[in-house]
Amino acid sequence: MGGTSPIGRSRSDAVQLHTSTGGIVPLQNVTILIFTLIFSLLFILALSCSFIGGDEEDEPLFKSMLNDIATNDPGLVMLGENVDIDVDEPSVTVSWSLVACGGGSELDGSSGVHESQCGLPSMALWVYADNAPEAIAIYDPSAIPFVRKTGQRRRIENLVRFDSDHTLDIQKARLYPFDTYLLTSTLRAVDASNITIPIQKLSTIEQVTSFLVAISDVESYEIINGTQVPTRDFDLYITRPGQLRFFALVLFGISWMLSHVTIGHVLLARRLVDIKSMTKHLVSAFAILLVIPQLRKSMPDSPALDDDYIGFFPQMIISASCVLTILLLIMLREYDEMTPRPITVRPLPRPLPPRTPKASPKAPPKPPAPPASPTPPIPPRKSPLKPFLLGAKVRSRPNAMERGEATCAKDELNAGFVFPPIPHANGILHHRSRSSRFRLGTVGLGGPSGSASGSKSSKSTTLKSLKE
């Protein structure tokens, strides 16, 4: 045989193709890991630097306000240095501090409260809240100790501060994290001579844990024994900070997305037949069912679950229903696998003997019918919920395969495609010549499609063409 033979080359002389990188040097996995660790450490260091100098404010919160009062409107001031808001209680506790600004009302050696010109009151005071018959605090300046070296007064918290408890209206608590609250109250101060001391100012801090606090105070009076008594009222507006609302909404959205994922697990599990694959969807849906309550508890300062009708309760109902549905699907699959399926075997058809075409108008004899099955097949039991949960068609096998007719169909196909073909009584015969092709008609119940004379004339015409 002819051909060409390649020129012998060694493996070292083989041409090697190199892929161009376009000037970009690919990084190895170790290099990418090192860069990731460095970036993580830099990120943590940058966040840690935000705590440096956090306790060093430019100016104390109440300094400018106290200096202004000491200059323009001296008198008694009450500062809310702490506000404890408990929605579950529900109550608000304000820690008030007594301060005297200007006008000779300051206690000697006590100036410099909040780095201002104000100090502690020099007279004994009894403080009443919300017209209560008993005082909520008693201030005694003689109990304030001195520092021996400097002669300055010590500001003991329990001696100069007192708490006032107020009931909080929580009708809007169900709107978390967009819940807002309003607290109104009134305070009155009386000296040892039972003379009411006017309160010039009420103020509180602006931000506490999980809440923003805004206060507005107004001068008021009460009528006691027909006499007007000066008091001071305040309105406390409580809202949620923007950062808290953002994180709460993110967790709220994640919880709903997880609930929707459980619905997707049900749809995917319904299309599966393998029980092992369905078990993976069951484990995932059950894990989501356990995660949703933890996400709800991780929301910052989240209220109780009593009124959460648009979040926690619908999410738990949907997730639990999906877990139960997947369990039911697995049980039905198990039941379907355990149900025995009877296999019906039909006898093989006997091969037909070769038949010759006949011109007789008689109909060909019919082949004998196959013997009937001795016992009819027993249909398998079906679950009434199977069409709804598993769908109308679960298996993709043909009906003939399930009835055990695969062998019969194979033998019939093998018998139908045989070369040379087996002539039949009602078959078709072809007579070939160099010039034409003739067809002998089929003999049926109504008689032959062609006559015998036509057959003879065709044979004679063929003989004549051969002689010529």
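The values are calculated or read from the model by the stated rules, or taken from the named source; none is laboratory data. Quick caveat: nothing in here was measured; it's all calculated off a predicted structure. Counting neighbours? That spans all protein chains shown, and the Cβs are built from the backbone with ideal geometry, glycine included. Only protein heavy atoms, including side chains, enter the accessible area calculation; ligands, DNA and RNA are left aside. Shrake-Rupley method; radii C 1.70, N 1.55, O 1.52, S 1.80 Å.
Beta carbons closer than 8 Å, at least 6 apart along the sequence or on distinct chains, pair a first residue in segment 126-141 that is farther than 17 Å from Arg232 by Cα and of a type in the set (A, V, I, L, M) with a second that is open to solvent by less than 70 Å² (accessible area, probe 1.4 Å) and at pLDDT 90 or above for Ile138/Ala124; Ile138/Leu125; Ile138/Val127.
Conditions tested, residue by residue: (1) β-branched (Val, Ile, Thr); (2) within 30 Å of Val83 (Cβ to Cβ); (3) modelled with pLDDT of 95 or more.
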| site | (1), (2), (3) |
| --- | --- |
| Asp235 | no, yes, no |
| Pro241 | no, yes, no |
| Leu249 | no, yes, no |
| Leu258 | no, no, yes |
| Ile263 | yes, no, yes |
| Leu305 | no, yes, no |
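The test for being touching a residue at least 60 places away in the same chain (Cβ under 8 Å), closer than 17 Å to Leu236 by Cα and not hydroxyl-bearing (Ser, Thr, Tyr) holds for Val87.
Checked against the criterion of being at pLDDT 85 or above, out of contact with any Phe, Trp or Tyr (no Cβ under 8 Å at 6 or more places or on another chain) and open to solvent by 50 Å² or more (accessible area, probe 1.4 Å), segment 209-216 has at least one qualifying residue. Checked against (1) more than 17 Å from Arg188 (Cα to Cα); (2) open to solvent by 40 Å² or more (accessible area, probe 1.4 Å); (3) part of a strand (DSSP E or B), Glu81 passes all but a single condition, namely (2).
Ser97 passes every criterion in (1) in contact with a helix residue (DSSP H, G or I) (Cβ under 7 Å, 6 or more places away or on another chain); (2) more than 19 Å from Ser185 (Cα to Cα) apart from (2).
Restricting to segment 92-114, and then to whatever is surrounded by fewer than 17 Cβ atoms within 10 Å (Cβ to Cβ) and under 58 Å from the mean Cα position of the chain (by Cα), can you tell me which residue is farthest from Ile69 (Cα to Cα)? Filtering segment 92-114 for residues that are surrounded by fewer than 17 Cβ atoms within 10 Å (Cβ to Cβ) and under 58 Å from the mean Cα position of the chain (by Cα), the one farthest from Ile69 (Cα to Cα) comes out as Thr93.
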